[in-house]
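Participant: What follows is a single structure, and I will ask about it in a moment.
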Amino acid sequence: MKHLTLFASFFLLFIAIAANSCKTQEKPSTTAEHSTANTTDAATNTQRKDTMPVSEYIVEIFEDKQGNLWFGTVTDGVVRYDGKQLTYFSTKDGLVDNTVPGIAQDAVGNMWFGTHAGVSRFDGKTFTNFTDAQGIRGWGAKILVDRKGKIWVGTTEGAFLWNGTAFTEFKLPNPVIAKPSYKVNAGKIWSITEDKNGNIWFARDGFGACKYDGNSFTHFTQEDGLCSNNVTKVVEDNQGNFWFSSITSDFPEYIQEGGVSRYDGKTFTQFPDKQGIIRNDVYSLYKVNSGDMWMCALGLGAYRYDGKQFDFFKDIDGRHDLIKYFAIQSILEDRKGRLWFGFSGGLFRFDGKSFKHVSKAGPWD
């Protein structure tokens, strides 16, 4: 039997069929959830707003140029927090799909949302949707707007580049893999990032990591020192090292691999003495401004690496039921220095010791 993780299972359960044409919707009629407690009668079994999660699955967190926080969810579309209230945008408002694993903002301020049925662009009033007819194939769209303003999208079907009117496929070459395996779909783009020198990195399912310098491609695979060829994130640290998170394989058979590795430009380093970041699924990898690296060890907890030592955290205050599965799906440090974590189970903030649940009512500050 295939061993699918909670996070991979979520992706497989919410595959959406892309729409056939681009459509522009009228101004969305959003639903605002104010950050105030709703003191309903407990006898009615109505869940209080001060305990209700922002959404059960927070799979992406993004801060825009105005300081608004955006949360991509699995079933509730995308949620915006403007410092005062929550606003939910869904297919009823014009969003192409309610599963939103990718969020970015372009040079002129438009918001871009990657979904399971294509990509939506939001100008603050209307949504414009891009699907098969506009060149987007596949699901699970992740988005990067690079320093030159180029808009990149990665899906289960590979990479795509915006040309101003539509998306065109950006064909990635495949490295030679002696024993091919993958997690969800060979060639799926788990994430796209840009390093300090402007190189674009693609984290790929089954093909390791690929660096594009504008002219040529450089591949990094398990043979070079990665824990797995199923790479989920590539992050550059403050010293110029590159960190790679990776996951187990399920096809053609289950292979217990995955974990975190670091590349200094010459050699790879793995961390076999740290349980959960070797031979395990690691989906979340993030660098904060101080230089600390955060990584989630699925089913165990989270590590913070300060350049000298790893500190381990597993206490989830307010939702102790999540400790058993411990699945961080997204991380963001906002401009105020607050650390936000999207869990399978809701939104949380780190207070220096533990993860505190942030419900619809907060606490937001």
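The values are calculated or read from the model by the stated rules, or taken from the named source; none is laboratory data. Worth saying up front: this structure is predicted, and the values here are computed from it rather than measured. Because the Cβ atoms are built from the backbone with ideal geometry, glycine has one as well, and the counts that use them run over all protein chains shown. SASA here: full protein model, heavy atoms, side chains in, ligands and nucleic acids out. Shrake-Rupley method; radii C 1.70, N 1.55, O 1.52, S 1.80 Å.
Participant: Search the stretch 119-150 for residues being assigned to a loop (DSSP other than H, G, I, E, B) and acidic (D, E), and hand back the single one that is farthest from T75 (Cα to Cα).
Facilitator: Per the criteria, the residue is D146.
Participant: Exactly one of these conditions fails for Q275: (1) under 20 Å from S354 (Cβ atoms); (2) open to solvent by less than 50 Å² (accessible area, probe 1.4 Å); (3) free of Cβ contacts under 8 Å to residues at least 40 places away in the same chain. Give me its number.
Facilitator: Here Q275 meets the rest and fails (2).
Participant: Considering only residues of the stretch 151-164 that are in contact (Cβ under 8 Å) with a residue 24 or more places away in the chain and part of a loop (DSSP other than H, G, I, E, B), which is most open to solvent (accessible area, probe 1.4 Å)?
Facilitator: Ranking the qualifying residues of the stretch 151-164, first place goes to E157.
Participant: Restricting attention to the stretch 313-327, and to residues there that are in contact with a Leu (Cβ under 8 Å, 6 or more places away or on another chain) and without any contact (Cβ under 8 Å) to a residue 60 or more places away in the chain, which single residue is farthest from G276 (Cα to Cα)?
Facilitator: Here the residue is I316.
Participant: Something else about it: Return the residues of the stretch 185-201 that are buried (at least 21 other Cβ atoms within 10 Å of the Cβ) and assigned to a loop (DSSP other than H, G, I, E, B); say none if nothing qualifies.
Facilitator: Across the stretch 185-201, the qualifying residue is only K188.
Participant: Could you check, for the stretch 116-134, whether at least one of its residues is open to solvent by 10 Å² or more (accessible area, probe 1.4 Å) and aromatic (F, W, Y)?
Facilitator: no
Participant: Shifting gears a bit: Please go through the stretch 287-302 and pick out each residue that is under 13 Å from F343 (Cβ atoms), touching a Gly at 6+ places or on another chain (Cβ under 8 Å) and surrounded by 16 or more Cβ atoms within 10 Å (Cβ to Cβ).
Facilitator: Result: L298, G301.
Participant: Looking at the stretch 66-85, can you tell me whether even one residue there is of a type in the set (K, R) and modelled with pLDDT under 95?
Facilitator: No; the residues of the stretch 66-85 include none that is of a type in the set (K, R) and modelled with pLDDT under 95.
Participant: Output the qualifying pairs, or none if there are none: Cβ atoms under 6 angstrom, residues six or more apart or on different chains, first residue in the stretch 95-106 and open to solvent by 10 Å² or more (accessible area, probe 1.4 Å), second residue at pLDDT below 95 and small (G, A, S).
Facilitator: That search, which allows pairs on different chains as well, returns D97/A16.
Participant: Does the stretch 99-110 contain at least one residue that is more than 23 Å from E194 (Cα to Cα), at pLDDT 95 or above and within 16 Å of the chain's Cα centre (by Cα)?
Facilitator: yes
Participant: Please specify each residue of the stretch 83-115 satisfying the condition of being among the charged types (D, E, K, R) and touching a helix residue (DSSP H, G or I) at 6+ places or on another chain (Cβ under 9 Å).
Facilitator: If the condition is that a residue be among the charged types (D, E, K, R) and touching a helix residue (DSSP H, G or I) at 6+ places or on another chain (Cβ under 9 Å), then D97 is the only one that fits.
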